[in-house]
1. Tally time: how many residues in segment 59-100 are surrounded by fewer than 17 Cβ atoms within 10 Å (Cβ to Cβ), of a type in the set (Gly, Ala, Ser) and under 24 Å from residue 127 (Cα atoms)?
2. What pairs come up if the first residue lies in segment 66-85 and is in contact (Cβ under 8 Å) with a residue 24 or more places away in the chain and closer than 10 Å to residue 99 by Cβ, the second is part of a loop (DSSP other than H, G, I, E, B) and acidic (Asp, Glu), and their beta carbons are under 8 Å apart, counting only those six or more places apart or on different chains?
3. Within the group 171, 137, 161, which residue is part of a helix (DSSP H, G or I), farther than 22 Å from residue 43 by Cα and acidic (Asp, Glu)?
4. Looking at (1) surrounded by 15 or more Cβ atoms within 10 Å (Cβ to Cβ); (2) free of Cβ contacts under 8 Å to residues at least 40 places away in the same chain; (3) of a type outside the set (S, T, N, Q), which one does residue 56 not meet, given that it meets all the others?
5. Closer than 19 Å to residue 7 by Cα and touching a residue at least 60 places away in the same chain (Cβ under 8 Å): is that true of residue 98 in this structure?
6. For segment 18-31, check the following and say yes or no: at least one residue is within 18 Å of residue 79 (Cα to Cα), of a type outside the set (A, V, I, L, M) and out of contact with any Ser or Thr (no Cβ under 7 Å at 6 or more places or on another chain).
7. Just the residues that are surrounded by 19 or more Cβ atoms within 10 Å (Cβ to Cβ) and either small (Gly, Ala, Ser) or assigned to a helix (DSSP H, G or I) (or both), please, taken from segment 25-48.
8. Within the group 47, 17, which residue is at positive phi and touching a strand residue (DSSP E or B) at 6+ places or on another chain (Cβ under 9 Å)?
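Taken together, the values in this text are just the output of simple stated rules run on the coordinates, not laboratory data. All of these numbers come straight from a predicted model, not from anything done at the bench. Virtual Cβ from ideal backbone geometry, glycine too; neighbours counted across all protein chains shown.
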Amino acid sequence: MSSGDKLRIGVLGSGKGSNLDAIFRAIHDRPIFAEVKVVLSDVRNAGILDIGRSHHVHSKYVYPGESRARLDEASERNLVNALQQEHVDLVVLAGFMRIVGPVLLAAYPRRIINIHPSLLPKYPGLRAWEQAWQAGEAVSGCTVHYVDSGIDTGEIIAQAEVDVLSGDTAETLHARIQEAEHVLYPDVIEYLARERPFAG
């Protein structure tokens, strides 16, 4: 990969795609020296696919298999093939709700990042903002980290803090954490596009 090439991104998501939308806006407005090449989802009608298509990016559903928690091996190979067809350099998880398995990890070692709605290592797993709110934390936030074989255990790249306000509900806290995500994730992608820490 030459220094003149844009960082080629593949995005995996299961939901509405607000982080992908923020990434597209940042690439357009700054600009970030990167481009989204493919958007893949394990949910057939996920909003993230519509966002990808609205930006004229190849966007498709990948059948995940029978497990609710992870892709089966054949499905994961299909996903890797779709990423490799677009010569993706960096895999960005944007609300992807399945555990990444060994096939994808082997294909993209230290080239998969995720954003998580807590200040890791606190509150890994599902509904992290609700865990923080229920625990009475004064500060929560979000974390971008490399993905490894654990659940939200990979090396931390960057974090953003969000104060927990006295009148917060879990939902209002979550909304403000998402606002922080929409700033932090593009910032990290801009850093990786510039520094290329994984370039061989």
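1. Counting residues in segment 59-100 that are surrounded by fewer than 17 Cβ atoms within 10 Å (Cβ to Cβ), of a type in the set (Gly, Ala, Ser) and under 24 Å from residue 127 (Cα atoms) gives 3.
2. Sorted first by the residue in segment 66-85, then by its partner, the pairs are 71/42.
3. 171
4. So the condition that residue 56 fails would be (1).
5. It is false that residue 98 is closer than 19 Å to residue 7 by Cα and touching a residue at least 60 places away in the same chain (Cβ under 8 Å).
6. no
7. 26, 27, 34, 41, 46, 48, listed by residue number.
8. Only one candidate qualifies: 17.
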